[in-house]
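Remarks on the structure that follows.
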Amino acid sequence: MIEHILLDMGGVLIDLQWQDRVGKLLGRSLPIDELHHLWVSAPSTVDFESGRTDFDQFTAAFIQDFDLALTPEMVQHEFLEIVQAPLPGCEVMLSALKPQYHLSLLSNTNPAHFGKLRDRYDFFEALDRLFLSYEIGLMKPSPTIFEHVLAELDTTPEHVAFFDDGARNVESAKALGIQAYRVDSPAEIMTIVKTFSEASTT
């Protein structure tokens, strides 16, 4: 029986202009799965989203990693514009799920992006726990981050449903026995969660 809903943030709860903004920075367009892989393998982004560097240090390292002919100000502006408003139905979905499930966020993120969102939107108040990569020093798709979440929630994989827009993250969670789903919207999550209650009544 599912007791915990574990949610990714970007591309699941909030709109991302990831491909557009990163493509603009790098001067080339990347498929979403390739972009996910780049993000968790580039030293600059890994260090920033693991909490090892600040925004200015990240910016300098990002420019060096990708040999960019851009000023730090240009990079930081485009980087902050990656994260946008909550997706349609985000708040309604969280309100609907909260009475039935323990809700947690599991996000590869950084203080610049999270700070911008926290200051502008209040949907975080509906979440019981926030697992932010830069605070815990771990990133998806590493199995270690899912093991950390399970330990913190004091639960086992079969009681957790995880929703993410990244294929590698979903596969990593599934390998641990978590019910994991690749989704792109709150509406998709609601459709899947409805099957949990239907299954429990049959």
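Matching residues to (1) outside any helix (DSSP H, G or I); (2) touching a residue at least 12 places away in the same chain (Cβ under 8 Å); (3) not assigned by TED's automatic domain parsing to the domain that holds residue 154:
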{"position": "33", "(1), (2), (3)": "no, yes, yes"}
{"position": "78", "(1), (2), (3)": "no, yes, yes"}
{"position": "106", "(1), (2), (3)": "yes, yes, no"}
{"position": "118", "(1), (2), (3)": "no, no, no"}
(message) One residue is enough: does the stretch 36-43 have a residue meeting the conditions outside any helix (DSSP H, G or I), polar (S, T, N, Q) and either touching a helix residue (DSSP H, G or I) at 6+ places or on another chain (Cβ under 7 Å) or touching a residue at least 12 places away in the same chain (Cβ under 8 Å) (or both)?
(response) no
(message) I'd like the full set of residues that are at pLDDT 95 or above and acidic (Asp, Glu), limited to the stretch 185-202.
(response) 188
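Condition check ((1) in a loop (DSSP other than H, G, I, E, B); (2) more than 21 Å from residue 36 (Cβ to Cβ); (3) touching a helix residue (DSSP H, G or I) at 6+ places or on another chain (Cβ under 6 Å); (4) not assigned by TED's automatic domain parsing to the domain that holds residue 39) across all residues:
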site: 115; (1), (2), (3), (4): no, yes, no, yes
site: 124; (1), (2), (3), (4): no, yes, no, yes
site: 135; (1), (2), (3), (4): no, no, no, yes
site: 150; (1), (2), (3), (4): no, yes, no, yes
site: 163; (1), (2), (3), (4): no, no, yes, yes
site: 171; (1), (2), (3), (4): no, no, no, yes
site: 174; (1), (2), (3), (4): no, no, no, yes
site: 187; (1), (2), (3), (4): no, yes, no, yes
site: 191; (1), (2), (3), (4): no, yes, no, yes
(message) Cβ contacts < 9 Å: first residue in contact (Cβ under 8 Å) with a residue 24 or more places away in the chain and over 14 Å from residue 76 (Cα atoms), restricted to the stretch 15-31; second residue crowded, with 16+ Cβ neighbours inside 10 Å and acidic (Asp, Glu), any location; separation 6+ or different chain. Result?
(response) 16/165
(request) For residues that are within 23 Å of residue 109 (Cα to Cα) and of a type in the set (Asp, Glu), scanning just the stretch 143-202, find the one that is surrounded by the most Cβ atoms within 10 Å (Cβ to Cβ). (result) 164
(request) Report yes if some residue within the stretch 126-135 is farther than 23 Å from residue 96 by Cα and surrounded by fewer than 13 Cβ atoms within 10 Å (Cβ to Cβ); otherwise report no. (result) no
(request) Within the stretch 121-172, track down each residue that is within 25 Å of residue 87 (Cα to Cα) and charged (D, E, K, R). (result) 122, 125, 128, 129, 135, 140, 164, 165, 168, 171
(request) For residue 172, indicate whether it is modelled with pLDDT of 95 or more and more than 20 Å from residue 100 (Cβ to Cβ). (result) yes
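The values are calculated or read from the model by the stated rules, or taken from the named source; none is laboratory data. Since we're looking at a predicted model, the values are computed, not measured. A quick note on method: Cβ atoms are made from the backbone with ideal geometry, for glycine too, and the neighbour counts reach across all protein chains shown.
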